[in-house]
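*Asks:* If you scroll down you'll find the structure; I have some questions about it.
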Amino acid sequence: MTDPKSQTDAGANSLWGGRFAAGPSAIMQRINASIGFDKALWRQDIAGSKAHAAMLARQGIIGESDRDAILAGLDQVAQEIAEGRFQFSEDLEDIHMNVESRLREIIGEPAGRLHTARSRNDQVATDFKLWVRDALDRLDGDLKALQAALIDRAEEHAGTIMPGFTHLQTAQPVTFGHHLLAYVEMLGRDRSRALDARARLNECPLGSAALAGTPYPIDREMTAWALGFDRPTANSLDAVSDRDFALEYLSLASICATHLSRLAEEVVLWCTTQFRFVRLTDAFTTGSSIMPQKRNPDAAELVRAKAGRVIGALNGLLVVMKGLPLAYSKDMQEDKEPVFQADETLALCLAATTGMVRDLTADPDAMRRAVEAGFPTATDLADWLVRSLGLPFREAHHVTGRIVKLAEERGVGLSALPLEAMRTVHPAITEDVFGVLTLEASVASRTSFGGTAPDRVREAVAAARERFL
């Protein structure tokens, strides 16, 4: 068998054919090689090669004995890589040439027939699509796990009252369960985007060759179906230069990371001594090197920060792709690292967030103290004025504002303000108004679909389990 080192010594230009008389400089070799990161595609590369070899044999382009040797050799290469025994070489540039070189060592001359009717251009596009498709499937599972954790906590706290905020100011009382279900909906949209992206990318580039197709009588439907694609790509130029699927993955990953960052920011706030809404255990917090009283929600802070990495990966690849003419350019070698890194980062953030949701302990008393401090039933008072006294809402809003000012001046909540004081603002107000000014009455009244009434929250929990789990 031929030693790959001797091939390199004979001239790395052997990868490119007789056109090049000399090998690349060390700098050129370093900037050109992608094996340091695209070796992550080895499973997909071998799967694509096996499907291609089977198709070539069925079409009579290579013999069955060559096919059998290629398939057996590829299985051995896969086993070596899986077991950590495979020696990746930067001299061989990328995963495709590393696999093919080792295949030649194992089976000899038949390995040279594998690359018939394909190019590294359609090969890498196929490998990368397969990898992103697998990543989307993993992402869906991770999102589902986080939704399950949130739904469980929402059910537990369907009736736990907390402040609902706008502008980070107390607005109206809601339940903690209702608040958590908001993130379940966000993650549901993330899963929907992943499903849509998967459907769009599921066309097979293999057989498009370098850019123009091939004169060999290949069967592109056969390889597409063998690899789990819905169909082959319709245009060979587009097939080898398309990276929409990578951009779309990074886009949906960025939106998802933004959702995780928003939840992480709330966890950070809720853990402060000013809020005390929740507590995390030592599993998801750290201490201070000089302040022994500190319990820092570092896991949440890092989830919040790492969103920047994912968003940066999207921006980076958009800049790479924005000026490229058809078809393939070497610039597109820069497509994989941001996707691989974003996928790893997002998976870690999802695992950390799921762990934090499972770990946190809510403090209903602290939540109630916070909601009582901000006149959260003012809107309930305005609605009562509309329903019971027939006031136009704008007038009811003005009357309520004056009553809130009275309560603020006296240092009491609305439910503790005497009826006589309210009547100085509007004489038609009756004692019935106090029936809507408690926190329980307020949340219980929000019975519209999607509202925060505890019974509605419990219904939403059941519906979410059916929709998402």
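Taken together, the values in this text are just the output of simple stated rules run on the coordinates, not laboratory data. This structure is a prediction, so every number in the text was calculated from the model and none was measured. Note: ideal-geometry Cβ built from the backbone for every residue, glycine included; neighbour counts use all protein chains shown.
*Asks:* Compute the acute angle (0 to 90°) between the alpha-carbon long axis of helix 95-107 and the principal axis of greatest extent of the alpha-carbon atoms of the chain; round to the nearest 10°.
*Replies:* 40 degrees
*Asks:* Further question on the same structure: Over all Cα pairs of the chain, how is the pair count split among 10 Å bins, expressed in % and running from 0 up to the last occupied bin?
*Replies:* 4, 16, 20, 17, 14, 11, 8, 5, 3, 1, 0
*Asks:* Please figure out what share of the DSSP beta bridges in the stretch 120-369 is antiparallel and state it in percent, rounded to the nearest 5.
*Replies:* Numbers: 9 of 11 bridges.
Here the antiparallel bridges make up roughly 80 percent for the stretch 120-369.
*Asks:* So what's the Cα pair-distance distribution over the stretch 422-465, bin width 10 Å, in %?
*Replies:* The distribution over the stretch 422-465 is 26, 34, 23, 13, 5, 0, given as percents.
*Asks:* Let me ask something additional. Taking the Cα centre of the chain as the origin, how large is its charge dipole in debye, to the nearest 20, when only Lys and Arg (+1) and Asp and Glu (-1) carry charge on their Cβ atoms? Before the final figure, lay out each step's value.
*Replies:* Working: 52 positive and 64 negative charges, 155 e Å.
In debye, rounded to 20, the chain gives about 740.
*Asks:* Using only Cα atoms, locate the centre of the stretch 297-366 and the centre of the stretch 266-286, then give the distance between them in Å, rounded to an integer.
*Replies:* Cα centres, the stretch 297-366 to the stretch 266-286: 23 Å.
*Asks:* How much of the DSSP beta bridge set in the chain is antiparallel, as a percent to the nearest 5?
*Replies:* Numbers: 9 of 11 bridges.
That works out to approximately 80 percent antiparallel.
*Asks:* Here's something else I'd like to know. How long are the three semi-axes of the equivalent ellipsoid of the stretch 373-468, in whole Å, if each is the root of 5 times an eigenvalue of the C-alpha gyration tensor, listed from largest down? The partial results should precede the final answer.
*Replies:* Values: eigenvalues 185, 40, 22 Å².
With the √(5λ) rule applied to the stretch 373-468, the semi-axes are 30, 14, 10 Å.
*Asks:* Report, in debye and to the nearest 20, how large the dipole of the stretch 375-452 comes out about its Cα centre when Lys and Arg carry +1 and Asp and Glu carry -1 on their Cβ. Show your work: numbers first, answer last.
*Replies:* Details: 7 positive and 9 negative charges, 39 e Å.
Computed charge dipole of the stretch 375-452: roughly 180 debye.
*Asks:* Given points 7 Å out from each Cα along the Cα-Cβ axis, report the Ala373 to Glu466 separation in nanometres with one decimal.
*Replies:* Once both label points are built, they end up 4.1 nm from each other.
*Asks:* When Lys and Arg each count +1 and Asp and Glu each count -1, what net charge do the other residues less than 14 Å away from Thr430, Cβ to Cβ, add up to?
*Replies:* On the way: positive: Arg387, Arg423; negative: Glu420, Glu431, Asp432.
Charge balance near Thr430 sits at -1.
*Asks:* Give me the percent relative contact order of the chain, please, defined on Cα pairs under 8 angstrom at least 6 residues apart. Don't skip to the end; give the middle numbers.
*Replies:* Working: 661 pairs, mean separation 76.4, N = 469.
Answer for the chain is 16 percent.
*Asks:* What residues of the stretch 244-258 lie in the reach of a label at Ala199, counting those whose backbone N is under 17 Å from a point 7 Å from the Cα along Cα→Cβ?
*Replies:* Zone members listed by number: 245, 248-249, 252.
*Asks:* Taking 51 Å as R0, compute the FRET efficiency from the Cβ-Cβ separation of Phe393 and Ile27 and round it to 0.05.
*Replies:* Values: r = 72 Å, r/R0 = 1.41.
So, using R0 = 51 Å, E works out to roughly 0.10.
*Asks:* So, one more: Can you give the net charge of the other residues whose Cβ lies under 15 Å from the Cβ of Pro338, counting K and R as +1 and D and E as -1? List each step's numbers first, then the result.
*Replies:* Values: positive: Arg243, Lys306, Arg309, Lys322, Lys336; negative: Asp38, Asp244, Glu248, Asp331, Glu334, Asp335, Glu337, Asp343, Glu344.
Residues close to Pro338 contribute a combined charge of -4.
*Asks:* Return the distance in nm (one decimal) between the two label points of a simple spin-label model at Leu168 and Asp455, each offset 7 Å from Cα along Cα→Cβ.
*Replies:* 3.7 nm
*Asks:* Pop a pseudo-label 7 angstrom from the Cα along the beta-carbon direction at both Ser448 and Thr361 and give the gap in nm to one decimal.
*Replies:* If labels sit at Ser448 and Thr361, their model points lie 3.8 nm apart.
*Asks:* Once fully extended, how much extra length lies between Gln87 and Ala347, figured as 0.36 nm per residue of separation less the alpha-carbon to alpha-carbon distance? Walk me through the numbers on the way to the answer.
*Replies:* Numbers: separation 260, 0.36 × 260 = 93.60 nm, distance 2.82 nm.
Fully extending the segment from Gln87 to Ala347 adds 90.8 nm.
*Asks:* Per DSSP H run of at least 4 residues, take -39500 (n - 2.57); add these up for the chain, divide by its residues and hand me the 222 nm value, nearest 500 deg cm²/dmol. Could the numbers behind the result be given before it?
*Replies:* Values: 19 runs with 283 residues, N = 469.
Calculated mean residue ellipticity at 222 nm is -19500 deg cm²/dmol.
*Asks:* Find me the longest stretch of the chain that has none of the exposed trypsin sites (Lys or Arg not before Pro), where exposed means in a DSSP loop (not H, G, I, E or B) with at most 11 other Cβ atoms within 10 Å. Before the final figure, lay out the partial values.
*Replies:* Working: sites that count: Arg19, Arg85, Lys294, Lys322.
Segment 86-293 is the longest.
*Asks:* Given R₀ = 45 Å, FRET efficiency for Arg279-Val319 by Cβ-Cβ distance, to 0.05? Don't jump to the answer; show the numbers that get you there.
*Replies:* Details: r = 43 Å, r/R0 = 0.95.
The computed FRET efficiency comes out at 0.60.
*Asks:* Quick one: Debye curve from the C-alpha atoms of the stretch 26-113, no solvent, what's log10 I(q)/I(0) at q = 0.19, 0.22, 0.24, 0.26 Å⁻¹?
*Replies:* Per q value, in the given order, log10 I(q)/I(0) is -0.83, -1.02, -1.15, -1.27.
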